[in-house]
Every structure is written in structure tokens, then in C-alpha cells.
Amino acid sequence: MLTGVVAVVIGLGVMVLVHEWGHFVVARLFGVRVEVFSIGFGPRIAGVRRGPTDYRLSALPLGGYVRMAGDNPAEERKGDPDEFLSKPRWQRVLIALAGPTTNFLMAVILTAALFVHGSGQPTYVDDPVVIAGVLKDSPAQQAGIQGGDRVVSFAGSKNPTWNRVALEMAFSSPGHMESGVVERNGQQIPISTRNTQQPFEVLGYPAEPAVVGRVNPNMPAAKAGLMADDIIVAVDGQPLKSPYELSQIIQQKAGQPMEMDISRGGQPMKIEIRPTWADPGDGTARWQIGITYRFSTTQRSYSIPTALVKATQFHFILATKLVYMVRDLFTGRVSVKQLQGPLGIMQESGRAAQRGFGDVISLMALVSLNLAILNLLPIPILDGGHILMLAIEGLMRRDLSLKLKERVVTVGMVFLLLVFLTVMYNDILRLFPSR
């Protein structure tokens, strides 16, 4: 946990600082007077003044903030041309957009740096789409796709890789029916499957070794002696083609003991595990043994241009999924219990720090992307809320009343506080999952 706290302070602090730096740069570009650029919050410890700006180091090193002249409508204004509210609305929109945009660019740069340096990527990413199996009740099963099928065409793309399929799905809207062709026993069969933005749901999953990522303490897997990096080769004599297949077998066993053949450091072993019925913390109780999986990876490196293209594609896909997840949260299709707050981020940061520097950079990129999407939500007090109010004022061709703005901002603050408290509560419950 201590490692996680340090990682969060550094990682989240840097990403928030990058966000504020984006606002600062564009504000200065449009001639807005920036009074304070602070690293951290709270009392000023040290700093230097350059022109109108006080560049300061503050007591709490959790990100930072930018204070622009005239950016608070509740404060008395002088009406100077270099005040924020004196600028045209389109310039204020671009200043608000600059923070999330900078976060997105930072996520791309960090991921591209990993691609250039060489990073472990799932082995299937650049492989042709050959289906090992399909998830129960998934669009793939409903479309008649079977294990062993090879996708020769999908959404107009010929002989796509798994990476290309994910990109095609990201550019299409959820629920849209995607057409394609699979090859089965030498015959080409047309298919039509519903896009859920999840390739393994839409088409099926690839053949992958079931490598154990994390073993949760006090759960059946830990009690049976299963360890991280073990490879589960077979269950009750049935060879495994994918960790997704194992998940389905666990549900089918319904609490009955399972004999697993595993490989540990190249040495074969057998263990017996009895699944337990529990809620892992996402609000959905099910049979489980208490492990996570990790993909088998291959070390790959790319040129700078290729790395930038791949990183941009990756974060575009991820951003699209995050946007639809936010939509599903508001419509009730996704439980708020699946969100992670500060405690969850600390745990993940600690694990990433233990795994190595590359995992820390990957987590920082993910946090930066999440900050970009979060701040674009049309909630007052966030950048997206400011943009929405500016858009409304532009359509009305007049400013909203100060009283209305204050009320709207108050509602936004209360809403975000309630979300924060709910997520924190779920974080605490997740530390003590029911058994």
C-alpha cells in the first residue's frame, strides 16, 4: 500500500499537472493573464515570479492548478482585455479543451515511448483472427460463429488482425450489426454480428495460454497453492485453449472440485480446487476461484512514427470504450461498483510498481486518458461543464446570470462528491470481498 501511495502521488500528480499545463499554454497563447501556476495545492512554499505569473511550489504535492485573471464570475472584475472572461467564447472553449487534450496526448506519448523502447504486448494482437471459442450468450454465439473459424473479412477489412478488428469496432457504434465472412472447413460462410465494442464478445476469443496474473488471498486458488505466473494447462483432463474457456468451466462446475494440470517454471503439477460462490466486488456474485489472468506477451519494438500511430489507435479505442462505459453507468447498464477510486488506484499502482517501470508508465497513460475523458463530461465544475455553458451562452447570444451559474456549479460539486463517496465506499468493500 505504501508503494501504491507513492506511485499515486507521483503519477496522478504529474498527470494533473500536465492537464493544468495545457490550460496554461493555450491561455497564454490567447493573451490571458495567468496569475498563478502552482505545483501542488495549499500554502505557497517557494516560487518565482516571471511577468504577471507566480510560479509556485505548494505544500500538498497532488497535481497543481492554474489561476487566470477574471476566471471567477463571482469575483469583482476590472474588465481588462487580458482577463479570461474578456476573451471571446470560442477562445475560452479552446482553453477549457486544452487540459483534456494534453492528457490525451500525454497518454499517447507515454504509450508510444513504451512501443519504441520495446514492451510486452499480447501475442495475438497482430495475428490473423482465428477463433478458439465463443462466450456463452454472446453476439458471436448468436451469429453462429464457432471455434476453429477464421475471419477472412470483417466490416470491409480483408484478412484482419485482432488489432484491426478492435479498431473497426471502435469506429462503429455499439449495437450496429457488422457483416463479415468466416472460413470453416474450407467453406466461406457470411456472418452478421452485433457490435459491443468488445472483440471477444463480437467474434470470439483467440487461443491463449491461461496464465495466472494475481492470486487473491483466502480464496480457493490461494488455499490450493496456485501461484502467479502458473500456466493452467488442463481442467479434469480437458486441455484449455483460453482463460475465457476456464471461466466458463468454473461456472459449469457450480462448486464441484476441479483437478487442474498446471505448469510452474516448466514443471508439471496437479492441484485440486473447489470454486466458491462470492461477489468479487463488482456487484455480481458468481462461482470463482480467486485469480486474475494475464495475456501471454511478446516483446516488440517499433519505429517512432509507427509507435505514434499504434499508440493513437490504442487510446482512441480505449477512449471510445470509456465513453460508452460512462453512458452505460448513467443508464444503469453498468454498476457503479465496477468503478475504482483512490484506494483501488493505490492498489493497482503498488502492483504496477512491483511489476516494473513499464507497468507504471502504462498505468500513468491509462490515468491520463481517464482524466481526459472525465474532465470532458458535461458536469458543471469540470471542463466539459464549462464548455457546455459556453455553448448555451453562444446559442442564447448572452451570458447566463451569475446566480444561475453558481447554482449549477453547486449541483455539480454535490454530484461529484456523492460519486466520490460511493466509489470510496465500494473501494473499502472490495478490500473485504464476501466469501
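The values are calculated or read from the model by the stated rules, or taken from the named source; none is laboratory data. Just so we're clear, the structure is a prediction, and the values are computed from it rather than from any experiment. Note: ideal-geometry Cβ built from the backbone for every residue, glycine included; neighbour counts use all protein chains shown. Just the protein is used for accessible areas: all its heavy atoms, side chains included, with ligands, DNA and RNA removed. Shrake-Rupley method; radii C 1.70, N 1.55, O 1.52, S 1.80 Å.
For the set HIS19, HIS176, solvent exposure ranked by accessible area (probe 1.4 Å, protein chains only) runs largest to smallest as HIS176, HIS19.
Axis angle, to the nearest 10 degrees, between helix 402-431 and the longest C-alpha principal axis of the chain: 30 degrees.
Note on THR312/GLN141: beta-carbon distance plugged into 1/(1 + (r/R0)^6) with R0 of 41 Å gives a FRET efficiency of 0.80. When a 1.4 Å probe is rolled over the protein heavy atoms, the share of accessible surface on region 77-233 that falls to carbon and sulfur comes to 55 percent. Of all the options GLY13, GLY47, GLY204, the one that moves most in a Gaussian network model of the chain with Cα springs shorter than 10 angstrom is GLY47. Label positions at ALA285 and ALA234, each projected 7 Å from the Cα along the C-beta direction, are separated by 3.5 nm.
Among the listed pairs LYS136/LYS223; LYS78/LYS405; LYS136/LYS310; LYS241/LYS270; LYS321/LYS405, which have their C-alpha atoms separated by more than 25 angstrom in this model? Over 25 Å apart, Cα to Cα: LYS136/LYS223; LYS136/LYS310; LYS321/LYS405. Annotation for ARG184 and LEU417: the two label points, set 7 Å from Cα along the Cα-Cβ direction, are 5.7 nm apart.
Note on the chain: with a GNM built from Cα contacts shorter than 10 Å, the maximum mean-square fluctuation among THR410, THR276, THR312 falls on THR410.
Can you compute the FRET efficiency between ASP80 and ARG44 using 1/(1 + (r/R0)^6), with r the Cβ-Cβ distance and R0 = 22 Å? Round to the nearest 0.05. Calculated transfer efficiency: 0.35. Straightening the chain between ARG264 and ASP126 buys 46.9 nm, computed as 0.36 nm per residue apart minus the Cα-Cα spacing. Computed on the chain, with alpha-carbon pairs under 8 angstrom and 6+ residues apart, the relative contact order is 18 percent. Think of a 1.4 Å ball rolled over the protein heavy atoms: the chain then has 52 Å² of accessible area per residue. Within the listed set GLY31, GLY51, GLY118, the Gaussian network model of the chain (springs between alpha-carbon atoms below 10 Å) gives the highest mean-square fluctuation for GLY51. Angle between the Cα long axis of helix 304-331 and the longest principal axis of the chain, 0 to 90 degrees, nearest 10? Tilt relative to the chain: about 90 degrees. Distant-in-sequence amide contacts of SER242, defined by a placed amide H-H separation under 5 Å and a gap of 5 or more residues or a different chain, comprise GLU208.
Kirkwood radius and radius of gyration were both taken over the C-alpha atoms of region 59-111, and their ratio Rg/Rh is 1.09. In the assembled protein chains, ASP359 presents an accessible area of approximately 60 Å² (probe radius 1.4 Å). Amide hydrogen proximity for VAL36: with H placed 1.01 Å from N in the peptide plane, the residues at 5 or more positions away or on another chain lying under 5 Å are ASP54, ARG67.
Rolled with a 1.4 Å probe across the full set of protein chains, the surface gives VAL419 an accessible area near 50 Å². Positive-end ranking of VAL181, LEU167, GLY99 along the dipole of region 47-201, with charges on Cβ about the Cα centre, is headed by GLY99. Helix 2-29 versus the longest principal axis of the chain: what is the Cα-based angle in degrees, 0 to 90, to the nearest 10? Compared with the principal axis, the helix lies near 50 degrees. Of THR422, THR123, the residue with the largest accessible area leads and the full order is THR422, THR123 (1.4 Å probe). Compactness of region 100-209 is given as radius of gyration and Dmax, 15.4, 49 Å, from Cα positions.
On a per residue basis, the convex hull of the C-alpha atoms belonging to region 140-283 measures out at 147 Å³. Each residue was assigned an accessible area with a 1.4 Å probe, and for PHE415 the value is about 80 Å².
The slack between ALA391 and THR276, meaning 0.36 nm per residue of separation minus the straight C-alpha distance, is 36.2 nm. The mean sequence distance of close C-alpha pairs (under 8 Å, at least 6 residues apart), as a share of the length of region 197-295, puts its relative contact order at 32 percent. Taken along its principal axes, the alpha carbon cloud of the chain reaches lengths of 79, 48, 42 Å, longest axis first.
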